1. Could you list, in sequence order, the residues of the range 165-176 that are over 23 Å from residue 34 (Cα atoms) and touching a helix residue (DSSP H, G or I) at 6+ places or on another chain (Cβ under 7 Å)?
2. Across the range 135-151, what is the total count of residues that are farther than 11 Å from residue 44 by Cα and either surrounded by fewer than 19 Cβ atoms within 10 Å (Cβ to Cβ) or under 8 Å from the mean Cα position of the chain (by Cα) (or both)?
3. Exactly one of (1) assigned by TED's automatic domain parsing to the domain that holds residue 48; (2) within 22 Å of residue 206 (Cβ to Cβ); (3) touching a residue at least 40 places away in the same chain (Cβ under 8 Å) is unmet by residue 190. Its number?
4. Would you be able to say whether some residue in the range 205-215 is surrounded by 20 or more Cβ atoms within 10 Å (Cβ to Cβ), under 19 Å from the mean Cα position of the chain (by Cα), in contact (Cβ under 8 Å) with a residue 12 or more places away in the chain and not assigned by TED's automatic domain parsing to the domain that holds residue 151?
5. Going by the structure shown, is residue 199 in contact with a helix residue (DSSP H, G or I) (Cβ under 7 Å, 6 or more places away or on another chain) and buried (at least 18 other Cβ atoms within 10 Å of the Cβ)?
6. Which of the numbered conditions does residue 130 fail, given that it passes all the others? Conditions: (1) crowded, with 18+ Cβ neighbours inside 10 Å; (2) in a loop (DSSP other than H, G, I, E, B).
7. Of all residues in the range 9-32, which are in a helix (DSSP H, G or I), free of Cβ contacts under 8 Å to residues at least 60 places away in the same chain and closer than 21 Å to residue 75 by Cβ?
8. Just to be sure, is residue 154 part of a loop (DSSP other than H, G, I, E, B) and within 26 Å of residue 27 (Cβ to Cβ)?
């Protein structure tokens with residue numbers, strides 16, 4: 001496994017693999033790997049001849065008061081886990097490699113980027129779609145794997161790929177959870193002891209909401225209220241949003257039908273956690 005720092009070098013290397021008619025799988029990450037990241041690598045490894053991952057903490061998707069500087073980083077740890085997973089190349093550029101001093105061109109979906117997480121995180125998804133489009137242009141993968149935990153992000157990336165005709169297949173990997181149900185996230189390390197004890201209430205509420213729907217409840221209002229009340233039952237939680245939406249344009253629904261999912265964002269202290277579940 002090699003760690004590549006520059007765009008010209010990774011392009012040159014992958015050009016040779018394409019000439020050999022080898023398929024390229026890609027997993028874009030911000031590093032600090034947990035089992036969720038590794039599961040995405042496993043999917044890409046199975047589906048491709050050459051596996052490339054990127055490790056890049058992308059500054060354009062962080063707001064001015066968000067956690068860019070304290071976002072966890074550990075390249076040595078990540079490289080060891082990636083090699084064990086069969087990764088061929090890690091693309092690990094510096095910020096200056098990805099964004100020139102005069103950078104001023106962005107990619108943004110106008111319909112989906114201001115909903116759910118985008119309603120309070122100004123330009124977050126503009127940063128996501130911009131960096132992913134840049135990485136797609138650099139790596140030119142045959143397929144790219146994203147996690148279901150960031151369901152809105154995955155839907156936006158799929159829309160971008162379709163709208164801008166990127167020749168890449170988007171594959172989704174399941175949410176990987178801790179034993180108590182909390183969705184794996186690099187930000188879980190920010191939680192203190194009491195917050196960590198209470199955070200699993202998110203998945204408990206989502207799982208019980210799904211059971212309600214499976215048993216016949218179709219009122220989105222009633223299901224959202226149940227989720228809110230359940231999460232509010234723990235003292236340290238502060239709900240940012242609870243929504244039930246359809247899975248194409250993220251429109252809110254009144255009556256739950258197939259493909260609809262519940263999405264939540266909840267604060268525990270200074271830590272913002274997201275999760276979601278397909279209801280039907």
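1. So the first thing to find is which residues in the range 165-176 are over 23 Å from residue 34 (Cα atoms), and the list is 165-169.
166, 168, listed by residue number.
2. Initial filter on the range 135-151 (farther than 11 Å from residue 44 by Cα): 135-140, 147-151.
Next, only the ones that are either surrounded by fewer than 19 Cβ atoms within 10 Å (Cβ to Cβ) or under 8 Å from the mean Cα position of the chain (by Cα) (or both) stay: 137, 140, 147-151.
So the answer is 7.
3. (1)
4. The first filter runs over the range 205-215 and keeps only residues surrounded by 20 or more Cβ atoms within 10 Å (Cβ to Cβ), leaving 205-206, 209, 213.
Subset that is under 19 Å from the mean Cα position of the chain (by Cα): 206.
Filter again for in contact (Cβ under 8 Å) with a residue 12 or more places away in the chain, leaving 206.
Subset that is not assigned by TED's automatic domain parsing to the domain that holds residue 151: 206.
For the range 205-215, residues surrounded by 20 or more Cβ atoms within 10 Å (Cβ to Cβ), under 19 Å from the mean Cα position of the chain (by Cα), in contact (Cβ under 8 Å) with a residue 12 or more places away in the chain and not assigned by TED's automatic domain parsing to the domain that holds residue 151: present.
5. Details: in contact with a helix residue (DSSP H, G or I) (Cβ under 7 Å, 6 or more places away or on another chain): no; buried (at least 18 other Cβ atoms within 10 Å of the Cβ): yes.
Taking the combined requirement at face value, the residue does not satisfy it.
6. For residue 130, the failing item is (2).
7. Step one: of the range 9-32, the residues in a helix (DSSP H, G or I) are 9-19.
Among the residues that remain, those that are also free of Cβ contacts under 8 Å to residues at least 60 places away in the same chain are: 9, 12, 15-17, 19.
Correct list: 9 only.
8. Numbers: part of a loop (DSSP other than H, G, I, E, B): no; within 26 Å of residue 27 (Cβ to Cβ): yes.
Answer is no for this residue.
The values are calculated or read from the model by the stated rules, or taken from the named source; none is laboratory data. Note that the structure is a prediction, hence the values are computed from the model and not measured. All Cβ positions, even for glycine, are placed from backbone atoms using ideal geometry, and neighbour counts span all protein chains on display.
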